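For reference, the structure discussed in these notes is given below.
What follows draws every value from the coordinates through simple rules; no lab data is involved. All figures in this text were calculated on a predicted structure; none of them were measured in a lab. Neighbour counts run over all protein chains shown; Cβ positions are idealised from the backbone, glycine included.
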Amino acid sequence: MIIVTKSSKSILAKSKTSFFCQSCGYESAKWLGKCPSCGSWNTFVEELIAKEESNKTEWRQESVRSKTLKAKALSDIETLDDVRLSAADGELNRVLGGGIVPGSLVLVGGEPGIGKSTLLLQVGLQLKTMRVLYVSGEESEQQIKMRAERLGSTSENFFIFTETNTKNVFLAIEEIKPDLVVIDSIQTLQSNQLDSAAGSIGQVRQCTSELMKFAKETETPVFLIGHITKDGLLAGPKVLEHMVDTVLQFEGDRHLTYRILRTTKNRFGSTSEIGIYEMLGNGLREVSNPSEILISQRDGPLSGVTIGTTIEGNRPLLIEIQSLVSPASYGTPQRTPTGFDHKRLNMLLAVLEKRCGFKMGMQDVFLNIAGGIRVEDPAIDLAACISIISSMEEIPVSDKICFAAEVGLSGELRAVNKVESRILEAEKLGFEEIYISKYSHKSIDFKKFKIGVKSFGQLNEVFQDLFG
Ligand SMILES: [Zn+2]
């Protein structure tokens, strides 16, 4: 028998539960097997909501009124560009659109172990004159100290606080008065306003909204670290993307040394910028001239190796494509691309077979983009085709030649975007010739270049020219 007394009744009335899709944050009053919003199965989890307080946040209500509830004349509002804080890290400044905007909420997402903590620890330590509060729910003070020592950098204005409760975080903020706050990670934070566990959709959203309020009122920039798992099942940054000002994605293979910091959302700048880093024993090194490291050092031309051009963000990059073609010993031949789209490789092989007469049917084909990066730019098609045939025929291609053209289904070479900046990058890196599509012609001012530009309409013509 259950006796509901007057007092317990009022407690019951206060709390309310709701079901949240842990993948996209969709809220439902009852449990659902399939999420109507994102279509995932079995992602609904019941979360307790402290109803009475749910519209209150830890960050003080009173100050909201004094600071934000006032209309301002447009002419009284400062232009943001003038007040951006410049990080010592040039790549970070670039992806943020020219520096850190005061009061901005920046989410740095990525898979665990990719180096998000290292990146933000390093950024914080480099801001010597600014007070930085690094809140960690992931590691102990000693671990962070050891990590900072490995980075070989120290700052008197850098504060570490290991805490997961937002109330305590805001108390520390009031005491330290930081110029920048880093939260490592948003999944470990917990607000007293909700009863659900840290890392659940409800908590992640609540903590983010408290931090956003704090950032906007005090004009203090806040960086949030958010983990993404490959299956996307963890209460993830996806839910937060619409709440924050800027989303940066930290990518790369954790076994390889290169990392790319990519803007996927930015209220204060363009989303087409990327930053490139190299992970070293003592931290992340900015790579300001990425082409040089993506092209391996070699003494002379090798068969199966070609250089293609791609555009990452707004920057042209020269990348190395390596192919290995060998007769398939038995059964279905293997097609194994790394850093290159599988379907695209199959398409190019079909074009080589059908339009150019190469017998690809009984060949194993391995194609690799050097440096562990992934390229989706179709402008590397021509370089990929040449690389495959170069390996199959065992004829090396001169290491002074590079390529920039898309290959169409009839074996034609198609024009690519920003061809001039690709040519200029090739010239800068000491290439002597670049092969492009003849349909790029009209848009090019050839007088600009010292490098030889050869243009062709068909893939066959390029083979004729290179291999005779
Ligand atoms: Zn969903």
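Observations on the structure shown:
- Cα-derived Rg to Rh of segment 333-468, Kirkwood definition: 0.95
- With a cut-off of 9 Å between beta carbons, the residues surrounding F250 carry a summed charge of +1, where Lys and Arg count +1 and Asp and Glu -1.
- Value of Rg to Rh for segment 245-404 (Rh from inverse mean 1/r over Cα pairs, i.e. Kirkwood): 1.02
- Considering segment 239-295 at the alpha-carbon level, its Rg and Dmax are found to be 13.1, 39 Å.
- Think of it as helices only: each DSSP H run of n ≥ 4 in the chain is worth -39500 (n - 2.57), and spread over all residues that comes to -8000 deg cm²/dmol at 222 nm.
- Inverse of mean 1/r across different Cα pairs in segment 398-452, Kirkwood, Å: 11.6 Å
- Comparing S37, N289, G411 along the charge dipole axis of the chain, the residue lying farthest to the positive side is S37, per the Cβ-charge model.
- Above-threshold pairs, the threshold being 23 Å between Cα atoms, out of K265/K428; K400/K428; K343/K418; K167/K213: K265/K428; K343/K418
- 20 °C / 1.002 mPa s Stokes-Einstein diffusion coefficient of segment 98-149, Kirkwood radius on C-alpha pairs, µm²/s: 171 µm²/s
- Local electrostatic count at A404 - Lys and Arg +1, Asp and Glu -1, tallied over other residues with Cβ under 10 Å: -2
- Electrostatic bookkeeping for E141 treats Lys and Arg as +1 and Asp and Glu as -1; over the other residues with beta carbon under 14 Å from its beta carbon, the sum is -3.
- Excluding the site residues themselves, the longest part of the chain lacking any chymotrypsin sites (Phe, Trp or Tyr not before Pro) in a DSSP loop with at most 15 other Cβ atoms within 10 Å is 32-329.
- A compact globular protein would have a Cα radius of gyration near 2.2 N^0.38 Å; the ratio found for the chain is 1.19.
- Alpha carbon convex hull of segment 312-359, volume per residue in cubic angstrom: 115 Å³
- Annotation: segment 362-422 has a Kirkwood hydrodynamic radius of 13.0 angstrom, from the mean reciprocal C-alpha pair distance.
- Entry note: segment 114-212 has Rg to Rh equal to 0.98, where both radii use alpha-carbon atoms and Rh is the Kirkwood radius.
- Under 19 Å from the Cα of K70 - aspartates and glutamates, other chains or at least 8 residues apart: E62, E78, E217, E219
- Ellipsoid fit via the Cα gyration tensor, segment 173-319: semi-axes of 37, 17, 15 Å, each the root of five times an eigenvalue, largest first.
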